[in-house]
Amino acid sequence: MTAAAHPLLAELTGRARTRAHARTPAARPCPCGTDTLADRPDATVVRHAGTVAKAHAPDTDPAGLAARLITAHRLPSVLLPPLAPEAADLHGRLVTFWPYGVPVDPDDPDAAPWEAAGTLLARLHRTPPPVPLPPMRGPAKAARAVARLRASGQVRDRPAADAVLRAWSALPHWARAETPQPDTTTLCHGDLHLGQLVRTPEAKDTPDAPGTPDTGDAAWRLIDVDDLGVGVPAWDLARPAAWYACGLLPPQEWTRFLAAYRAAGGPAVPADGDPWPALDVPARALTAQTAARALIKAAEQDRSLDEVERSLVDACARMTSVPAQLTSTLAK
């Protein structure tokens with residue numbers, strides 16, 4: 001779809017250009033190109049020079065987003081702070097502006113900043129919320145993905161879908177967003193993965209959490225505050241934990257991430273010993289969520305599951321066939 005046929009994208013691009021060149025004389029021509037970083041029903045994101053503009057999902061709660069923006073503004077050594085303290089309105093969508101940060105290179109897995117991710121996450125979890133925040137949205141997003149799978153009549157592999165739904169049904173109510181989370185005070189990201197880290201040279205290198213030492217990863221920051229809130233901190237470790245358990249994340253990378261989180265005093269797991277009693281439920285939930293999304297995507301593209309997607313579905317099947325916790329043994 002062209003920008004001319006997509007008013008939101010075209011005007012969002014214009015807003016990004018205007019903010020990026022706010023100090024540039026109007027007569028000077030703009031040599032910069034504009035990149036569309038995402039254009040989905042739940043988010044449209046464009047970059048112009050050093051500015052990123054994001055149109056949030058149509059159902060975004062204004063008060064919740066306002067509290068999340070304040071939190072990011074006040075915690076600049078953990079979260080990338082916004083360029084403006086408040087969201088703007090554009091075609092009925094809330095729009096925020098951010099400095100551009102260099103993302104993790106997906107083609108260089110050996111350079112993945114697992115230590116930075118673990119350290120930043122621990123700092124976030126140790127920091128009291130600077131303002132009242134809504135619940136972290138991880139369980140709600142997982143429940144929405146599973147609800148889409150349950151409602152879909154186009155899934156090609158119905159036994160796989162049934163396995164995912166059984167795994168989901170075995171989870172406690174809070175993990176399915178049916179009751180409040182058991183932790184209502186810990187600050188959580190809600191959607192942690194390596195795509196949520198960017199490197200920016202302007203990043204502040206003074207930790208927000210008192211007494212937290214700088215580990216040399218000051219240029220890395222967490223982005224995307226849409227799911228930020230209070231809740232169970234183990235949820236933020238659940239995606240890498242689940243991928244490790246399914247055999248999709250090498251043991252050494254999982255160890256680097258977990259060791260950095262523990263070294264920085266992260267409260268989601270014990271300081272030593274077995275972390276899986278704390279991670280088991282969130283890791284199962286993230287496995288079911290990711291498998292549900294994979295099945296929906298495969299159906300939309302009229303194809304069979306690929307190897308990674310099949311691994312996730314197989315893990316869901318094993319969850320309900322054995323009483324053991326979701327551990328690395330499930331990958332074997």
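The values are calculated or read from the model by the stated rules, or taken from the named source; none is laboratory data. All figures in this text were calculated on a predicted structure; none of them were measured in a lab. Note that we place each Cβ from the backbone using ideal geometry, even for glycine, and neighbour counts take in every protein chain shown. When the accessible area is computed, the model is the full protein with side chains, heavy atoms only, and any ligands, DNA or RNA have been set aside. Shrake-Rupley method; radii C 1.70, N 1.55, O 1.52, S 1.80 Å.
Here is the tail figure for the stretch 82-183: Cα pairs spaced more than 17 Å apart come to 75 percent of all pairs. For D272, the accessible surface of its heavy atoms amounts to roughly 110 Å² (probe 1.4 Å, protein chains only, rounded to the nearest 10). Take the Cβ atoms of V308 and A63, set R0 to 41 Å, and the FRET efficiency comes out at 0.60. The angle separating the long axis of helix 158-169 from the principal Cα axis of greatest extent in the chain is about 90 degrees. From the alpha carbon centroid of the stretch 295-319 to that of the stretch 77-121 is 29 Å. The angle between the Cα long axis of helix 235-245 and the main principal axis of the chain comes to about 60°, on a 0 to 90 degree scale.
Axis angle, to the nearest 10 degrees, between helix 276-300 and the longest C-alpha principal axis of the chain: 70 degrees. Around the Cα centre of the chain, unit charges on the Cβ atoms of Lys, Arg, Asp and Glu (plus for the first two, minus for the last two) sum to a dipole of about 560 debye.
Given a Förster radius of 22 Å and the C-beta distance between A151 and R40 as r, what FRET efficiency does 1/(1 + (r/R0)^6) yield to the nearest 0.05? Please list the in-between numbers first.
Details: r = 19 Å, r/R0 = 0.87.
It comes to 0.70.
Counting only helical runs of four or more DSSP H residues, what would the 222 nm mean residue ellipticity of the chain come to if each run contributes -39,500 (n - 2.57) and the total is spread over all its residues? About -12500 deg cm²/dmol.
If you wrap a convex hull around the alpha carbons of the stretch 1-138, what volume per residue comes out, as a whole number of Å³? Don't jump to the answer; show the numbers that get you there.
Working: hull volume 20.8 nm³, N = 138.
Roughly 150 Å³ of hull volume per residue.
Within the listed set P182, P172, P275, the Gaussian network model of the chain (springs between alpha-carbon atoms below 10 Å) gives the highest mean-square fluctuation for P182.
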